[in-house]
Amino acid sequence: MRLKDKICLVTGAASGFGEGIAQKFAAEGAKIAIVDMNAEGAKRVAGEIGNGAIAVTCDVSKAEDVEAAVARVTEEFGRIDVIVNNAGWSNKNAPLMETDEATMRKLYDVNVMSIFHMTKSIVPRWREGDGGVMINVTSTAGIRPRPGLTWYNSSKGAANIMTKSLAVELAPDNIRVCALAPVMGVTALLENFMGLPDTPENRAKFIASVPMGRLSEPRDVANAAAFLASDEAEFLTGTVMEVDGGRCV
């Protein structure tokens with residue numbers, strides 16, 4: 001098992017990609033903290049995983065919540081080896097001038113500031129210990145932006161650049177920072193991304209733009225995350241791995 005005895009904190013893990021990552025990490029031998037605003041969903045996932053998995057309620061856009069979550073997980077398990085910043089949010093696909101300031105701020109609070117808060121909380125602990133691994137779940141939208149999600153695209157582009165800069169600055173501390181950039185997936189945000197009802201016809205229009213002919217699934221992101229979190233990836237940092245079926249080519 002490639003993550004045997006590692007302690008992993010996954011945000012946004014009550015559903016979607018985060019749930020898939022948590023399930024995969026547990027199957028690979030890790031102890032898991034399910035961190036999510038959805039307390040009941042987090043408890044459900046932790047209960048399904050068992051084996052000491054814990055649920056932690058947290059709003060990742062708030063520094064005090066993130067610090068409390070990191071402190072709770074550290075107290076429970078003694079340390080944290082891997083953090084996956086998966087929690088994210090998207091406005092509904094629409095012309096850029098229709099996005100108001102409150103929506104813009106929420107995009108950056110959830111998609112960008114969450115990484116800032118987590119970094120400020122975990123890095124001092126990792127510097128005192130043996131380092132660690134941070135994986136940021138971003139999006140192909142930050143690499144190959146398309147109309148309708150301009151402000152969301154920009155938040156994911158910021159997360160990609162943040163990943164690379166963190167990787168360079170933290171490498172001397174034995175801290176690796178990588179990102180996963182999935183193409184649109186089968187998650188609760190699917191209709192937001194499309195800006196259309198989730199019908200077979202509307203899915204087909206988007207799928208036609210993916211060379212491998214399908215949307216991403218939680219298992220795709222989870223498998224890539226497990227590799228980046230493992231010792232097999234010990235020389236990878238600053239990598240933004242496209243999990244996109246060729247969409248960004």
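The values are calculated or read from the model by the stated rules, or taken from the named source; none is laboratory data. Treat the numbers as computed from the prediction; the structure is a model and nothing was measured. Reconstructed Cβ throughout: ideal geometry from the backbone, glycine too, with neighbour counts over all protein chains shown.
Within region 23-48, residues that are farther than 14 Å from Ile83 by Cα and at pLDDT 95 or above sit with their Cβ atoms under 7 Å from residues that are aliphatic (A, V, I, L, M) and surrounded by fewer than 18 Cβ atoms within 10 Å (Cβ to Cβ), at 6+ positions apart or across chains, in these pairs: Glu28/Met1; Gly29/Met1.
Of the helices (runs of 4 or more DSSP H) lying entirely inside region 146-249, those containing at least 1 residues that are at pLDDT below 95 span 190-194, 200-207. Asn91 meets each of the listed conditions (1) of a type outside the set (A, V, I, L, M); (2) closer than 19 Å to Asp244 by Cα; (3) in contact (Cβ under 8 Å) with a residue 24 or more places away in the chain; (4) not in a helix (DSSP H, G or I) apart from (2).
The set of residues in region 142-160 that are among the aliphatic types (A, V, I, L, M) and under 15 Å from the mean Cα position of the chain (by Cα) comprises Ala158, Ala159. The set of residues in region 104-145 that are of a type outside the set (D, E, K, R) and part of a loop (DSSP other than H, G, I, E, B) comprises Gly129, Gly131, Thr138, Ser139, Ile143, Pro145. In the set (1) farther than 20 Å from Asp81 by Cα; (2) touching a strand residue (DSSP E or B) at 6+ places or on another chain (Cβ under 9 Å); (3) polar (S, T, N, Q), the condition left unmet by Ser154 is number (2).
Of the residues in region 68-76, not one is at pLDDT 95 or above, surrounded by fewer than 23 Cβ atoms within 10 Å (Cβ to Cβ), assigned to a loop (DSSP other than H, G, I, E, B) and not hydroxyl-bearing (Ser, Thr, Tyr). For region 40-67, the tally of residues that are in a strand (DSSP E or B) and touching a Ser or Thr at 6+ places or on another chain (Cβ under 6 Å) stands at 0.
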